[in-house]
Amino acid sequence: MTSASERPQVQFKHLFTPLKIGAFTVRNRIVSTAHLTAFAEGGLPSERHLNYWASKAKGGIGLIITEDQAVHPTAATDPFVIHTYKDACIEPFRRIVSAVHEHGAKLVAQLWHPGSIFYGAREGSLPLWSCSAIPGSFHAETAHAMEVEEVKEIIQAFGDSARRMREAGLDGVELMGTHGFLIEQFMSPRTNERGDEYGGDEEKRLRFILEVIDAVRAAVGSDFTLGLRTSGDQFQGGGLGLQDMKRIMPKLTAAGKLDYVSVTVGAGGAIIPPMYMPAAPFVYLAAGIKEVVDVPVFCVGRITDPVVAEDILAKNQADMVAMTRANLCDPELPNKAREGRLDEIRRCIGCNEGCWGRLYEILPITCALNPSAGREKEMEITPASVKKTVMVIGAGIAGMEAARVAALRGHSVSLYEKDEQLGGQLQIAAKAPGRQDMAEPVRYYEYQFK
């Protein structure tokens, strides 16, 4: 295998420049945005989390945002979700922070309440809490419309969770205000049917998020980074569109209490864009928000190529570029790009199998192309104690990966395939409309085998 790239040398003038985000500075502009892993054990961060996030840090990423972490028992009591409403989460997070910082990355915790959008069963038969009595998206349960005292309780829960994250040593917290979850439910006329001080006109609908921001700031102080993940467009009838959000975001950032805004799509859009969608389809939303705010703006959505990320930054469409699934597929992507080894990057194809599909079965995430994702410790590639001559028969994706790993362990490997091309069924799948990226793994392995 070779480490020399055959592609023309790309000068990354923007991607690998530092950026100050509130109280900390990241070493580059690549961020892994929050995504549920289902690695939690008993509602607490696990060793699996540590290995997963540490591998990203070791791979050279600038910023890691954890996952949607419950701030209150009405958000989640499921054991596979991190419960930041428990003091017990602090100590395991300290170990994780130490591992991430050891490799030079920053770690931000996402604070989350789903409102009416989550699974029906919760410990103690807790009801769903939302701004209004609206039905859940994944089940038939209608949410309980919170009383004002309960609204205040949730606001304080965000602040208390943020305090725990600061105590654990994290670099900041992010409020989850998109994908149809509780903060967005309050903000949007589509879901907020209240007639009191937390509903009605836009100013009243924004009161909840503004009070959450105030509560978090009061809990962590001014020298701790606070961000907001928000929708650039809900893509739902009666919801908030880009022009609405361009009007709203300056109101949320005006007090100087938010240090960044991460712009994605609402629940009606392609939250996890699949392979048949073009690259970077929603960057325009971040660019629109960037026009009206004075804090760093993050963009997200099927950005898998560092060259595309560099172009986004060069055009001033965003300040940070989320390469979340791309980094899941190849945690070493930042290092490889920085060193000019672009052809060595194992590129995400947007199949959404291991990273997204498994969550619907309440299974821990992984990656269809990177089997070590989420199993970094168990599948660490180490030198074989006894070097052997290995024959691998069949050059489908499993055979190619087996050959690659065996060679890296020091074995003498021969790969046999009856067809003229490597790839097996990938070659067939790639011929279907919108599925041409199924051939990308073949390119990766062909380069590895040189």
**Prompt:** If you go through the stretch 358-409 one residue at a time, how many are under 30 Å from residue 78 (Cβ atoms), touching a residue at least 24 places away in the same chain (Cβ under 8 Å) and among the β-branched types (Val, Ile, Thr)?
**Reply:** 2
**Message:** Return the residues of the stretch 170-224 that are of a type in the set (A, V, I, L, M, F, W, C) and part of a loop (DSSP other than H, G, I, E, B); say none if nothing qualifies.
**Reply:** 170, 181, 206, 224
**Fill in**
Residues of the stretch 281-306 being within 15 Å of the chain's Cα centre (by Cα) and small (Gly, Ala, Ser), in sequence order, are 301
**Asked** Is it fair to say residue 399 is surrounded by 13 or more Cβ atoms within 10 Å (Cβ to Cβ) and not in a helix (DSSP H, G or I)?
**Response** no
**Message:** Just to check your reading of the model, which residue among 338, 375, 358, 346 is among the charged types (D, E, K, R) and in contact with a Cys (Cβ under 6 Å, 6 or more places away or on another chain)?
**Reply:** 346
**Prompt:** Here is a list of conditions, (1) surrounded by fewer than 17 Cβ atoms within 10 Å (Cβ to Cβ); (2) over 23 Å from residue 116 (Cβ atoms); (3) not small (Gly, Ala, Ser), and residue 224 meets all of them except one; can you say which number that is?
**Reply:** (1)
**Asked** Restricting attention to the stretch 311-328, which residues are surrounded by fewer than 24 Cβ atoms within 10 Å (Cβ to Cβ) and not aliphatic (A, V, I, L, M)?
**Response** 311, 315, 316, 317, 319
**Request:** For the stretch 254-265, state whether one or more residues are of a type in the set (A, V, I, L, M), over 29 Å from residue 10 (Cβ atoms) and crowded, with 20+ Cβ neighbours inside 10 Å.
**Result:** yes
**Prompt:** Counting only residues that are among the hydrophobic types (A, V, I, L, M, F, W, C) and touching a strand residue (DSSP E or B) at 6+ places or on another chain (Cβ under 6 Å), which one in the stretch 406-450 is farthest from residue 350 (Cα to Cα)?
**Reply:** 413
**Prompt:** Can you name the residue in the stretch 414-439 that is in contact with a helix residue (DSSP H, G or I) (Cβ under 9 Å, 6 or more places away or on another chain) and in contact (Cβ under 8 Å) with a residue 40 or more places away in the chain and, of all such residues, is surrounded by the most Cβ atoms within 10 Å (Cβ to Cβ)?
**Reply:** 438
**Message:** residue 349 - would you say it is at pLDDT 95 or above, closer than 22 Å to residue 336 by Cβ, in the same structural domain as residue 326 (by TED's automatic domain parsing) and within 31 Å of the chain's Cα centre (by Cα)?
**Reply:** yes
**Prompt:** Does the stretch 381-392 include one or more residues that are closer than 13 Å to residue 52 by Cα, part of a loop (DSSP other than H, G, I, E, B) and of a type in the set (A, V, I, L, M)?
**Reply:** no
**Prompt:** Just checking, how many residues over the stretch 352-406 are farther than 21 Å from residue 333 by Cβ and modelled with pLDDT of 95 or more?
**Reply:** 22
**Complete:** Looking across the stretch 116-150 at residues that are out of contact with any Asp or Glu (no Cβ under 9 Å at 6 or more places or on another chain) and assigned to a strand (DSSP E or B), the single one that is modelled with the lowest pLDDT is 142
**Request:** Please verify whether the stretch 430-446 includes one or more residues that are over 27 Å from residue 324 (Cβ atoms), part of a loop (DSSP other than H, G, I, E, B) and among the hydrophobic types (A, V, I, L, M, F, W, C).
**Result:** no
**Residues that are closer than 21 Å to residue 65 by Cβ and small (Gly, Ala, Ser), drawn from the stretch 223-240** = 227, 231, 232
**Message:** Looking only at the stretch 344-362, count every residue that is touching a helix residue (DSSP H, G or I) at 6+ places or on another chain (Cβ under 9 Å) and of a type outside the set (D, E, K, R) and tell me the total.
**Reply:** 9
**the stretch 355-380: number of residues that are in a loop (DSSP other than H, G, I, E, B) and of a type in the set (Lys, Arg)** = 2
**Request:** Kindly indicate which of 70, 99, 54 is over 14 Å from the mean Cα position of the chain (by Cα) and more than 27 Å from residue 303 (Cα to Cα).
**Result:** 70
**Message:** Condition check: more than 30 Å from residue 450 (Cβ to Cβ), in contact with a Lys or Arg (Cβ under 7 Å, 6 or more places away or on another chain) and in the same structural domain as residue 236 (by TED's automatic domain parsing). Does residue 268 satisfy that?
**Reply:** no
**Message:** Condition check: in a helix (DSSP H, G or I), out of contact with any Cys (no Cβ under 9 Å at 6 or more places or on another chain) and charged (D, E, K, R). Does residue 153 satisfy that?
**Reply:** yes
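The values are calculated or read from the model by the stated rules, or taken from the named source; none is laboratory data. All of these numbers come straight from a predicted model, not from anything done at the bench. Note that we place each Cβ from the backbone using ideal geometry, even for glycine, and neighbour counts take in every protein chain shown.
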